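Just below is one structure, and these are the notes that go with it.
The values are calculated or read from the model by the stated rules, or taken from the named source; none is laboratory data. Note that the structure is predicted; figures quoted are calculated from it, not measured. Methodologically, a virtual Cβ is constructed for each residue, glycine included, from the backbone with ideal geometry; neighbour enumeration extends over all protein chains shown. Areas reflect the complete protein model, heavy atoms only, side chains present, ligands, DNA and RNA absent. Shrake-Rupley method; radii C 1.70, N 1.55, O 1.52, S 1.80 Å.
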Amino acid sequence: MGLPYVAVMIDHNPIRERFAALSQHLDERSRRVFAAAEAKAAGYGGIAAVWRATGIAPSTINRGMKELAEAVDPALGQVRRPGGGRKSLVECDEQLMEALLALVEPTERGDPESSLRWTCKSLRRLAAELCAQGHRISHTVVGELLKTLNFSLQANSKTREGDGHPDRDAQFRYVNRVVKTALNKQQPVISVDTKKKVHDFLIKELGRAVPYGVYDLAADAGWVCVGIDHDTAAFAVQTIRRWWQEVGRIRYPEAKRLLITADGGGSNGSRLRLWKRELQHLANELGIEIAVSHFPPGTSKWNKIEHRLFSFITQNWRAKPLTSYRVIVNLISATTTCTGLSVHCELDTNRYPKAIIVTDEEMDAINIKRANFHGEWNYTIRPNNRSDRAVDS
């Protein structure tokens, strides 16, 4: 007669005590390796005993035992194997980031002295609009995605805009609409402005440096002329002229219109007679229409050139002594971003006198057509040999 079968019983209380003492110090990987080591030490029936003592699933204990057998050290700070864990929403939904940027774009703001941008829309509103488009996302994940894009949900108090013009938001929508229309038609769209004047030369005899920039929205490329004289409308238009002669006409051989977005003040101000006269000369030379849309007063930070070009130029030359014009030109030209921004910079040694008077007769000769919506901000200057007189919508 054979011996009776005797079940092997493992006392799991010591395992429970050791796990209780160590669990708060263990991460996900350490926890399953600990469980695997205890199960291996217990021998036959060890996995069941560890499961009863710790509550760790047998499948997890088995994974830990495989890791012990392979004896592979994880990367520093890594808990899971490379590629382990749930895929991010951006990986699972390739259109998610593009859809989010499309929602944020019309309400995007930025500070010219940093790459930080912010949006007026709340996280919950953005999440709701994305869900309505078929993207499964929560407002917390929307916030995480915006953070990776250097967005904030509110402006710094020192850079907040005032109440401004009552049609401010309507003008933003107008500018956004005409820019999108031009880009869809593959027509050139540039954002222009003057970066704050540079006075911090170590050699005082060098005087001033005035960087005026042209940012090509479609190409993500900048063109900057560093002037040594006054920041006038003639200097601004000359920079646009040099950009067109060297880059624009080659990049856009079929262009029929050039769209410019600009601030409402400065050398490209909406009320400057010289600005419009110089644009008329340029339109006559190029033989194409030049449309201009100005941002309302006090909203210059919305201009694309501020946070897509000038902010990166500022970062590139920060803490570097500007000892010569060549140094300035080289630092600006060396500005790049991970998104592919390229910048060309030249020195403009021409003189641009101030206080130039533009007569009423010269103004009457300008072939300008103002839009129905705020014609003082939105207008088109056509070559003087053009006979069409249609008003822009």
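Tell me, please, whether a residue that is open to solvent by 20 Å² or more (accessible area, probe 1.4 Å), touching a residue at least 60 places away in the same chain (Cβ under 8 Å) and on the phi > 0 side of the Ramachandran plot can be found in the range 336-343. Yes, the range 336-343 contains at least one residue that is open to solvent by 20 Å² or more (accessible area, probe 1.4 Å), touching a residue at least 60 places away in the same chain (Cβ under 8 Å) and on the phi > 0 side of the Ramachandran plot. Is there a residue being assigned to a helix (DSSP H, G or I), at pLDDT 65 or above, charged (D, E, K, R) and over 14 Å from residue 304 (Cα atoms) anywhere in the range 139-149? Yes, the range 139-149 contains a residue that is assigned to a helix (DSSP H, G or I), at pLDDT 65 or above, charged (D, E, K, R) and over 14 Å from residue 304 (Cα atoms). If you go through the range 228-245 and keep only what is touching a residue at least 60 places away in the same chain (Cβ under 8 Å) and more than 19 Å from residue 263 (Cα to Cα), you end up with 228, 229, 242.
For the range 168-193, the tally of residues that are surrounded by fewer than 17 Cβ atoms within 10 Å (Cβ to Cβ) and over 13 Å from residue 378 (Cα atoms) stands at 7. Taking the range 48-70 as the region of interest, how many residues are open to solvent by 70 Å² or more (accessible area, probe 1.4 Å), in contact (Cβ under 8 Å) with a residue 24 or more places away in the chain and within 19 Å of residue 17 (Cα to Cα)? Final tally of qualifying residues: 1.
When only residues in the range 19-47 that are aliphatic (A, V, I, L, M) and touching a residue at least 12 places away in the same chain (Cβ under 8 Å) count, which is most open to solvent (accessible area, probe 1.4 Å)? First the steps, then the outcome.
Of all residues in the range 19-47, those aliphatic (A, V, I, L, M) come to 20-22, 26, 33, 35-37, 39, 41-42, 47.
Adding the requirement that they be touching a residue at least 12 places away in the same chain (Cβ under 8 Å) leaves 22, 33, 35-37, 39, 42, 47.
Values: 22: 78, 33: 32, 35: 0, 36: 0, 37: 49, 39: 5, 42: 38, 47: 52 Å².
Of everything passing the filter in the range 19-47, 22 is most open to solvent (accessible area, probe 1.4 Å).
Among 164, 207, which is the only one that is loosely packed, with under 15 Cβ neighbours inside 10 Å and modelled with pLDDT of 75 or more? Just one listed residue meets the conditions, 207. The requirement of being basic (Lys, Arg) and either in contact with a helix residue (DSSP H, G or I) (Cβ under 8 Å, 6 or more places away or on another chain) or within 22 Å of residue 349 (Cβ to Cβ) (or both) is satisfied by residue 257.
In summary, residue 107 fulfils each of the numbered conditions (1) more than 18 Å from the chain's Cα centre (by Cα); (2) at pLDDT below 80; (3) β-branched (Val, Ile, Thr) with the single exception of condition (1).
Output the residue which, of all residues in the range 353-377 that are open to solvent by less than 20 Å² (accessible area, probe 1.4 Å) and touching a helix residue (DSSP H, G or I) at 6+ places or on another chain (Cβ under 9 Å), is nearest to residue 229 (Cα to Cα). If you could, list the steps in order and put the result at the bottom.
The initial filter retains those residues of the range 353-377 that are open to solvent by less than 20 Å² (accessible area, probe 1.4 Å), namely 358, 366-367, 371, 375, 377.
Those still in the list that are touching a helix residue (DSSP H, G or I) at 6+ places or on another chain (Cβ under 9 Å) too: 358, 366-367, 371, 377.
Values: 358: 20, 366: 27, 367: 29, 371: 34, 377: 27 Å.
Ranking the qualifying residues of the range 353-377, first place goes to 358.
Could you list all residues from the range 265-297 that are in contact with a Ser or Thr (Cβ under 6 Å, 6 or more places away or on another chain), surrounded by 20 or more Cβ atoms within 10 Å (Cβ to Cβ) and not polar (S, T, N, Q)?
If we filter the range 265-297 for residues that are in contact with a Ser or Thr (Cβ under 6 Å, 6 or more places away or on another chain), which is where we start, we get 266-267, 289, 291, 293-294.
Next cut, surrounded by 20 or more Cβ atoms within 10 Å (Cβ to Cβ) only: 267, 289, 291, 293-294.
Within the range 265-297, 289, 291, 294 meet the criteria.
Can you tell me which residue in the range 239-264 is most open to solvent (accessible area, probe 1.4 Å), limited to those that are part of a helix (DSSP H, G or I) and of a type in the set (Val, Ile, Thr)? Among those that are part of a helix (DSSP H, G or I) and of a type in the set (Val, Ile, Thr), it is 250.
Within the range 287-305, the set of residues being closer than 20 Å to residue 272 by Cβ, touching a strand residue (DSSP E or B) at 6+ places or on another chain (Cβ under 9 Å) and at pLDDT 85 or above comprises 289, 290, 291, 292, 293, 294, 295, 305.
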